[in-house]
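Notes follow the structure.
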Amino acid sequence: MAYTRTDRALNGLRPMEAKVGVIKNARGSAMFKIGKTIAYAAVYGPREMHPKFMQNVERGTLRCNYNMMAFSGSGNRVRPGPNRRSREIGLVTQNALAPVLDLTEYPKTVVDVYIELLQTDAGTRCAGICAASLALADAGFKMKDLVCAVSCGIVGGTPVVDLDYSEESYDDHSVDIPIAMIPRTGEITLMQLDGVLTREQLEKAVLLARDGIQKIYEVQKAALKAKFADGKISLEGE
Amino acid sequence: MIPKTYIQTLAKKNARHDGRRFDEFRQPVLVEYAVSAKSAEGSARVTMGNTIVVAGVKLEFGQPYPDTPDEGSIMISAEMLPLSSPEYESGPPGIEAIELARVVDRGIRESKALDFKKLCVKSGEKMWTVMIDIYPINASGNLFDASALAAIAALKNARFPKVEDDKVVYKEPTDEPMPLSFMPVSCTVHKIGDKFLVDPTRDEELAADARLTVAFTEKGEVCAMQKGGEKPLTHTEVFAMVDLAALKAGELRKCL
């Protein structure tokens with residue numbers, strides 16, 4: 001029997017909430033929530049890059065750091081500190097964001113982005129990217145566009161978007177494809193895939209992600225505008 | 001950053017850089033519960049002015065320590081996230097984070113508010129370990145009081161997960177709360193020159209000569225203390241600070 005969703009449509013996102021300027025110490029910051037996954041992001045810098053040999057004389061360097069709080073996992077306590085998974089996610093997040101960011105005005109410096117997960121229900125790297133892109137915009141850096149990210153995939157043979165943990169760990173076949181896009185151009189800045197699927201299924205899933213990205217974009221833009229209206233924006237997913 | 005000397009001069013004139021009285025906490029003082037309810041067994045977020053701290057409780061099975069075979073255990077950790085301040089860098093917890101975690105730990109442990117015997121599942125073989133992790137989200141001073149409040153609020157919010165065939169089923173919380181008989185609350189008093197003040201901003205902390213954190217039981221008994229800072233305190237000063245801390249801890253308790 002094909003997989004069906006009870007709480008939302010197959011092309012529906014979980015309810016989202018976004019807010020910028022939540023961390024006063026940071027140059028820019030944001031909170032992005034999708035379903036029960038909650039990410040904070042803060043931007044510091046540009047500040048001098050150490051060690052010196054890492055400095056780029058032509059432009060500033062973007063450095064992203066992803067971390068799950070020790071109590072934010074679904075099972076046992078997560079051991080604190082960086083691990084192979086979190087370092088890889090930091091790297092792919094960096095690559096997802098760098099294409100929209102212009103740091104030519106800040107040679108030899110580093111712009112640090114810190115992402116912290118308060119609560120997780122799958123899609124954490126995507127939520128982190130959405131929060132980080134908002135935080136960079138909040139910080140006032142020159143950007144071509146925001147970056148939006150969502151996972152899509154196949155659960156029990158059915159193409160879906162924005163998988164939660166129960167879907168990601170669905171016993172009878174699950175494929176998870178986190179995707180980040182520059183919404184204005186449709187260019188893909190992050191793409192990963194875990195699982196086995198046909199080319200047709202891949203195409204269907206990616207199309208679902210494209211639609212989802214546009215919905216996230218609206219929530220992000222509303223959050224940036226709301227900073228100046230001092231309101232909290234909440235848009236329901238379908 | 002506000003220069004130390006300016007804060008010290010202001011203190012002499014009975015003033016603070018943000019216009020507060022010496023015994024006044026920043027507003028709002030806010031405790032939000034279950035901020036990570038999907039993942040943690042208990043959680044809370046505390047806001048004190050610009051300072052924001054989150055704490056989460058995870059429960060795991062472990063083996064009791066040989067010297068306390070009938071007791072469970074508690075472990076409190078803190079990490080100064082670089083997300084929360086430009087002062088902090090990535091890396092293993094520094095001495096500041098270690099002191100913070102240990103002071104919060106002592107405030108809860110020594111109050112005997114948590115019944116460790118009830119955390120033992122089977123004598124000498126199986127116990128619950130209560131692990132509390134504390135993270136500043138925006139570190140703008142007085143992490144001690146905000147963290148202690150967040151930790152106890154997270155404990156109050158915590159429920160035991162279901163146990164099936166000797167295994168923890170984290171997805172299914174029960175209604176059973178922690179064996180917590182009351183809420184210990186801490187207040188830290190800072191000394192600048194010959195003045196005592198509570199809830200310092202980060203700039204005030206850096207300008208302070210000494211500090212004293214005092215934890216209180218519900219009845220107002222002292223259950224843990226920690227002196228910090230380089231300068232000494234006289235006997236009279238210590239008791240003046242304890243009195244001020246007792247008064248303010250009573251007010252903080254009302255926020256729980």
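Tell me whether region A:155-167 contains one or more residues that are farther than 15 Å from A:Ile34 by Cβ, part of a loop (DSSP other than H, G, I, E, B) and not small (Gly, Ala, Ser). There is no residue in region A:155-167 that is farther than 15 Å from A:Ile34 by Cβ, part of a loop (DSSP other than H, G, I, E, B) and not small (Gly, Ala, Ser). Taken together, the residues in region B:121-149 that are aromatic (Phe, Trp, Tyr) and either surrounded by fewer than 24 Cβ atoms within 10 Å (Cβ to Cβ) or more than 12 Å from chain A (Cβ to nearest Cβ) (or both) amount to 2.
Residue by residue, here is whether (1) more than 20 Å from A:Ile182 (Cα to Cα); (2) touching a His at 6+ places or on another chain (Cβ under 6 Å); (3) surrounded by 14 or more Cβ atoms within 10 Å (Cβ to Cβ); (4) not hydroxyl-bearing (Ser, Thr, Tyr) holds:
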residue	(1), (2), (3), (4)
A:Pro46	yes, no, yes, yes
A:Pro51	yes, no, no, yes
A:Thr61	no, no, yes, no
A:Phe71	yes, no, yes, yes
A:Asn76	yes, no, yes, yes
A:Pro80	yes, no, yes, yes
A:Arg87	yes, no, no, yes
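Residues that are more than 10 Å from every other protein chain (Cβ to nearest Cβ) and either assigned to a loop (DSSP other than H, G, I, E, B) or touching a residue at least 24 places away in the same chain (Cβ under 8 Å) (or both) within region B:88-99 comprise B:Gly94, B:Glu99, listed in sequence order. Where strands (runs of 3 or more DSSP E) fall wholly inside region A:1-120, the ranges with 3 or more residues that are closer than 30 Å to B:Lys171 by Cα and not polar (S, T, N, Q) are A:16-20, A:28-34, A:37-48, A:109-119. With respect to being more than 18 Å from the chain's Cα centre (by Cα), within 14 Å of chain B (Cβ to nearest Cβ), at negative phi and among the aliphatic types (A, V, I, L, M), A:Val113 falls outside the description. Being buried (at least 17 other Cβ atoms within 10 Å of the Cβ), assigned to a strand (DSSP E or B) and among the hydrophobic types (A, V, I, L, M, F, W, C) is a property that holds for A:Val175.
Applying a threshold of 6 Å to beta carbon distances and a minimum spacing of six or more residues, or different chains, the list of pairs starting in region A:166-178 at a residue that is under 13 Å from A:Ala2 (Cβ atoms) and ending at one that is of a type in the set (A, V, I, L, M, F, W, C) and in a strand (DSSP E or B) reads A:Tyr170/A:Val155.
Determine, yes or no, whether A:Asp145 is charged (D, E, K, R), away from chain B (no Cβ under 14 Å) and either surrounded by fewer than 24 Cβ atoms within 10 Å (Cβ to Cβ) or not in a helix (DSSP H, G or I) (or both). The answer is yes for A:Asp145. Scanning region B:60-87 for residues that are charged (D, E, K, R) and within 7 Å of chain A (Cβ to nearest Cβ) gives B:Glu60, B:Glu79.
Might you check whether a residue that is more than 24 Å from A:Gly140 (Cβ to Cβ) and either hydroxyl-bearing (Ser, Thr, Tyr) or modelled with pLDDT of 95 or more (or both) occurs anywhere in region A:182-189? Yes, region A:182-189 has at least one match.
Of the listed requirements (1) part of a strand (DSSP E or B); (2) modelled with pLDDT of 95 or more, B:Lys117 misses just one: (1). So, in region B:1-38, of the ones that are within 8 Å of chain A (Cβ to nearest Cβ) and under 21 Å from the mean Cα position of the chain (by Cα), which residue ends up surrounded by the most Cβ atoms within 10 Å (Cβ to Cβ)? Applying the filter and picking the extreme gives B:Ser36.
Across region B:21-32, the number of residues qualifying as in contact (Cβ under 8 Å) with a residue 40 or more places away in the chain and assigned to a loop (DSSP other than H, G, I, E, B) comes to 5. When we screen A:Gly60, A:Gly12 for residues that are away from chain B (no Cβ under 12 Å), of a type in the set (Gly, Ala, Ser) and free of Cβ contacts under 8 Å to residues at least 60 places away in the same chain, the only hit is A:Gly60.
Total residues in region B:215-237 satisfying the condition of being surrounded by fewer than 16 Cβ atoms within 10 Å (Cβ to Cβ) and not basic (Lys, Arg): the figure is 11. Looking only at residues in region B:47-59 that are in a strand (DSSP E or B) and within 8 Å of chain A (Cβ to nearest Cβ), the one that is nearest to A:Ile23 (Cα to Cα) is B:Ile52. For region B:155-209, a residue qualifies if it is in contact (Cβ under 8 Å) with a residue 60 or more places away in the chain, buried (at least 18 other Cβ atoms within 10 Å of the Cβ), more than 14 Å from chain A (Cβ to nearest Cβ) and assigned to a loop (DSSP other than H, G, I, E, B), and the qualifying residues are B:Met178, B:Met183, B:Pro184, B:Asp199.
The values are calculated or read from the model by the stated rules, or taken from the named source; none is laboratory data. Every value quoted in this text rests on a predicted model; they were computed, and no experiment measured them. All Cβ positions, glycine included, derive from the backbone under ideal geometry; neighbour counts span all protein chains shown.
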